[in-house]
């Protein structure tokens, strides 16, 4: 396994605009550093808030070594905690989702309120302090209906992201949506390969026949030179959307950790369906003004990309399992009053991205198998087609180099 100094050396030797070297995609030591320096320090997308709409609803996830539970309290607030009992460490909630009036440890029935306070601990000795044994909190924010968590003791600033996301997502009304379908797959590839594959459509024409009915693989569609650097048809789409109250132009983090932009679908399509027509009939998300608003694209490194359309939304969450395994969870959101079988057909709603996810899984797994070969060596990215990949890899390398670099010793007094 690569040590910290060895990983720094590999990062320092990276050739500009080339893929990473072999060990950075498959070494368990590198994964440990990725978890410590990125997944345990950055804000991570966890769940859509509509997944836990009522008091007592909870959802769980596993981030590396950390099990986390997210709850909705009696005050309506969403909170996150380490999913670990303060008695002897039992995991409190084993299910992915559920509902409970209190969080009760299944081992010895220590009982916590939904805000994390320890309420009951049976047969503990005199002087035992309930207040000192509440659940350990995890930083948690709801940004326009997307719940982000951060495991760091001091999380990075989130104000700029919060302002942009809440503004751009507001018309979609995610907090008044519901989860129509959820899918979790395991891709046998490194998490960085999963993100890299998402950040380009160089492969789309040859891999995604369902998606390419409505989504353009033209790299100019996602050009990022500036808020006005787009083709005339996209500028016209932005003008129409913005006149109707839909924020649309490219907005991004200075180091490209995140980006939002609303793009039209091909041939005036309304949604990601095989027909191009809306999957949800007669209803729109939130305050969306028309069916052909295109897709609001939002990514945030290290673990999410998302599509918000007029009739539904699709949110994606990426979590590493091992150096060569990644969990990808997809959730389809529809208006809360939409009825399956009446307002939408589940197959029509999900087929395009179920197909696309499986196609991407195959691509990533074959990519990983090739990289595992001793014959692999880093290859050049296309600066025309793979600009997004270059930006992700640059962000990753800069972040890891900064955080792994030895800190200067304090001068002696």
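What do you get for Rg/Rh of the range 1-101 when both radii come from the Cα atoms and Rh is the Kirkwood radius? Don't skip to the answer; put the middle values down first.
Values: Rg = 18.5 Å, Rh = 16.2 Å.
Checking Rg against Rh, the ratio lands at 1.14.
How big, on average over all directions, is the shadow cast by the Cα convex hull of the chain, in nm²?
On the way: hull surface 95.7 nm².
Here the figure is 23.9 nm², rounded to one decimal.
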- Cα gyration tensor category, rounded, prolate or oblate, for the range 45-122 with a/c compared to 1.5: oblate
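Taking the square root of 5 times each eigenvalue of the Cα gyration tensor, what semi-axes in Å does the equivalent ellipsoid of the range 160-371 have, largest first?
Equivalent ellipsoid semi-axes, largest first: 25, 21, 17 Å.
For a quick check: sort 266, 174, 349, 35 by the number of other beta carbons within 10 angstrom, fewest at the front. Spell out each step's value before the answer.
Values: 266 15, 174 22, 349 25, 35 18.
Ascending Cβ contact count within 10 Å gives the list 266, 35, 174, 349.
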- Would you please give the FRET efficiency between residue 336 and residue 102, computed as 1/(1 + (r/R0)^6) with r the Cβ-Cβ distance and R0 = 30 Å, to the nearest 0.05? 0.70
- Query: Where the centre of each part is set by its Cα atoms, how far does the range 60-89 sit from the range 376-408, in angstrom?
  - Reply: 33
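Please rank 285, 221, fewest neighbouring Cβ atoms within 10 Å first, as an exposure proxy.
Values: 285 25, 221 18.
Arranged by neighbour count, lowest to highest, 285, 221 become 221, 285.
Volume per residue, Å³, of the convex hull around the alpha-carbon atoms of the range 156-255? Provide the component values of the computation, followed by the final result.
Details: hull volume 18.1 nm³, N = 100.
Normalising the Cα hull of the range 156-255 by residue number yields 181 Å³.
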- Task: Give the Kirkwood hydrodynamic radius (Å, one decimal) of the range 254-391, defined as one over the mean of 1/r across all pairs of different Cα atoms.
- Result: 17.1
- Message: Once you keep just the Cα pairs under 8 angstrom separated by 6 or more residues, what percentage relative contact order results for the range 44-150?
- Response: 28
- log10 I(q)/I(0), Debye, Cα-only the range 109-167, no solvent, q = 0.14, 0.15, 0.19, 0.31 Å⁻¹? -0.58, -0.62, -0.77, -1.24
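For 15, 91, which order do you get if you count the other beta carbons within 10 Å of each Cβ and list the fewest first? Spell out each step's value before the answer.
Details: 15 12, 91 16.
In order of increasing Cβ crowding within 10 Å: 15, 91.
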- So what is the 222 nm mean residue ellipticity for the chain from helices alone, if each DSSP H run of at least 4 adds -39500 (n - 2.57) and you divide by all residues, rounding to the nearest 500 deg cm²/dmol? -7000 deg cm²/dmol
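Values in this text are rule-based calculations from the coordinates and carry no lab data. Please read these numbers as outputs of a predicted model, since none were measured by experiment. Neighbour counts run over all protein chains shown; Cβ positions are idealised from the backbone, glycine included.
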